[in-house]
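See below for the structure under consideration.
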Amino acid sequence: MANKRKQILTPEADKQLVVAFTTCKDGEMRTRIQAVRLYGNEVPVNEITNLTGLPRRTILRWYGRYRQQGLGDLLTTAKG
C-alpha cells in the first residue's frame, strides 16, 4: 500500500539541500541531508533505506524534524 506524502520539497528547499550536501564535509551529515532530500522528492522509503543503510524510522524522524525546524536543526543535531 502506497502512502501519499503530505508535503514534498519546494524547488527552493531542494536547492538548499543540494547546496548543503555539496558543501558539507561530514559524512554522517551528508547522509542525513541526502535521506531528507530523497524523501522530500518522493523517493520510496525502501529505496532510501537501501541507499543509506538507515532504518525507516530514522528517515521519517529526520524528515519531520527538517519540516518542523528547518535545515539548521537538522545539521546541528548530533545523533538520531
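The figures follow:
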| quantity | calculated |
| --- | --- |
| GNM top mover of Leu51, Leu60, Leu38 - the chain, alpha-carbon springs below 10 Å | Leu51 |
| Highest-fluctuation residue, Arg67, Arg56, Arg30 considered, GNM on the chain with Cα pairs under 10 Å | Arg56 |
| Segment Asn50-Arg5, length gained on full extension (0.36 nm per residue, minus Cα span) | 14.3 nm |
| Ranking of Thr52, Thr22 by count of other Cβ atoms within 10 Å, fewest first | Thr22, Thr52 |
| Globularity index of the chain, i.e. its alpha-carbon radius of gyration over 2.2 N^0.38 Å | 1.00 |
| Relative contact order, percent, the stretch 11-76 [alpha-carbon distance under 8 Å, six or more residues apart] | 28 |
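Taken together, the values in this text are just the output of simple stated rules run on the coordinates, not laboratory data. The model shown is predicted, which means the values in this text are computed figures rather than measured ones. So basically every Cβ, Gly included, is an ideal-geometry build from the backbone, and we count neighbours across all protein chains shown.
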